[in-house]
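Let me begin by presenting the structure, written as structure tokens, before commenting on it.
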Amino acid sequence: MQAAECTWTHFEMLRPFCFKSPSTTPLFFNFSKHFQKGYSDSSFFRSNWRISNYPSFMATISSVSTHKDPVSTHDATPNITHQPVQVAKRLEKFKTTIFTQMSMLAIKHGAINLGQGFPNFDDGKNQYARGYGVPDFNNAIAARFKKDTGLVIDPEKEVTVTSGCSEAIAATMLGLIDPGDEVILFAPFYDSYEATLSMAGAKVKCITLRPPDFAVPIDELKSTISKNTRAILINTPHNPTGKMFTREELNTIASLCIENDVLVFTDEVYDKLAFEMDHISMASLPGMYERTVTMNSLGKTFSLTGWKIGWAIAPPHLTWGVRQAHSFLTFATSTPMQYAATVALQAPDSYFAELKTDYMAKKAILVQGLKDVGFKVFPSSGTYFVVVDHTRFGLDNDIAFCEYLIKEVGVVAIPTSVFYLNPEDGKNLVRFTFCKDEETLRSAVERMKEKLKKK
């Protein structure tokens, strides 16, 4: 059998995957045309993985040098006082799963594991991962977090790998929120927030961010926080508006949380898509790491939404609750994808710079096109979304407009009313995305110019 081969230099990867078997026609997974089109001149994307004998893929990739040593602690280490672990009442009676307990004892004592139901016919890279993540990937997440925020964290105690950020959100809500706890959201919000909070039995309080700048109404926030407020959920850069929370807004929110002993859950999946100001992670602000759960994922930054690889970073006393919920939601996340994701997180700074440059060009095409069509376009400082006012075209509300746009024009947008507790607040707004190739964006604009008329 021909030996497996995996070649790249200087972290070159992701364009495209090529799984090649000696006895079959090469099979190419061109999973990211975004990368292929935008980065053909980048050293990061000039080569691809060439892998012979696909079953050996994970054995080969596991040989890549990764952060196996503990993360250096010479930078800023969060100043965390010892605190009792926190976990929602629904999970208090549950301990570490019996499967994890028995398998850990098996490793410790060198026992033959006839307990947990995973086949041992391969090298293990296609079987269950450790519940909170493959060690190499946890280390890579911690190293990336240190580079981005300056904070040094323990990858074993403060990083939990999840099946996408959606699971990180669910595990955080179900693991740390009790029925009746108040949680503050900023509308419009990603619909998963309200759904998972409903599952947790939380009382949702909502503060509406309004166009054109979607600024945080600080006085309203101050009056909304009460003795029953358990957490504030922040998404920055913000889906669907593209707003980025300013340093002043984040500092004010941080002060209110410290003053009122409130947790913060931050969804930062678009952190590398920040166009007009630097992204600021709430956990990096003074006194905030110990009360923050930072959630992120691989999908948006690397155009790998189908991989569903995410993570939650939190101090140990909050990580316990997150991990308890995670254990009974998915138990573990795709093992082979974690090894591949480890390589992705080691991408050089030049990749992120090129990513931003490419998306800014796409954004310019869509924004100018929407203005030419006749939309009122609101500023977007981050993400790959743009929100517009559709009312010039005479439809009753956002849903009616989006249905008309699909049926009569042949273009899809998302009605934003679903992102508000009060749908009326979003009835005039729709969301477009520019995470498409330039030809697709131009074609959509031309269709709207031709068929969409102001009334």
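What to note about this one:
- Each peptide in 274-280, 406-412, 322-328 gets a packing score, the mean of other Cβ atoms within 10 Å over its residues, and the list from highest to lowest is 322-328, 274-280, 406-412.
- Part-to-part distance (alpha-carbon centres) for the stretch 234-257 and the stretch 162-178, which is given in Å: 20 Å
- Kirkwood estimate for the stretch 382-428, i.e. one over the average of 1/r between Cα atoms, Å: 11.2 Å
- Only Lys, Arg (+1) and Asp, Glu (-1) charged, at Cβ; the stretch 88-214 dipole about Cα centre in debye: 260 debye
- Taking amide hydrogens as placed 1.01 Å from N in the peptide plane, the amide H of Ile232 sits under 5 Å from those of Ile184, Leu263, Val264, Phe265, each at least 5 positions away in sequence or on another chain.
- The stretch 366-431: relative contact order in percent, alpha carbon pairs under 8 Å with at least 6 residues between: 28 percent
- In a fully extended conformation the segment linking Lys93 and Lys227 would gain 45.6 nm over its present Cα-Cα distance, using 0.36 nm per residue.
- Of the peptides 211-218, 175-182, 297-304, the ranking by mean beta-carbon count within 10 Å, highest at the top, reads 297-304, 175-182, 211-218.
- With each label modelled as a point 7 angstrom along the Cα→C-beta vector, the Asn120-Gln346 pair spans 2.9 nm.
- Kirkwood Rh, angstrom, the stretch 132-273 [1 / mean 1/r, Cα pairs]: 16.1 Å
- Of Lys272/Lys308; Lys243/Lys454; Lys108/Lys308; Lys407/Lys453; Lys308/Lys427; Lys243/Lys453, pairs whose Cα-Cα distance is over 21 Å: Lys243/Lys454; Lys108/Lys308; Lys308/Lys427; Lys243/Lys453
- Three principal axis lengths of the stretch 292-373 [C-alpha, angstrom, descending]: 51, 27, 23
- The residues Phe99, Phe189, Phe432, when put in order of fewest to most other Cβ atoms within 10 Å, stand as Phe99, Phe189, Phe432.
- Net dipole in debye of the stretch 350-451 [+1 Lys, Arg Cβ; -1 Asp, Glu Cβ; about Cα centre; nearest 20]: 160 debye
- Dividing the Cα radius of gyration of the stretch 89-347 by its Kirkwood radius returns 0.98 for Rg/Rh.
- Listed by chain and number, the lysines whose C-alpha is less than 16 Å from the C-alpha of Lys222, apart from same-chain residues fewer than 8 away, are Lys205.
- Three-way shape label, the stretch 350-451, alpha-carbon gyration tensor, a/c 1.5: oblate
Bear in mind these aren't lab numbers, they're just calculated from the coordinates by the rules spelled out. No experiment lies behind these values; they were computed from the predicted model shown. Don't worry about glycine lacking a Cβ; one is built from the backbone with ideal geometry, like all the others, and counts go over all protein chains shown.
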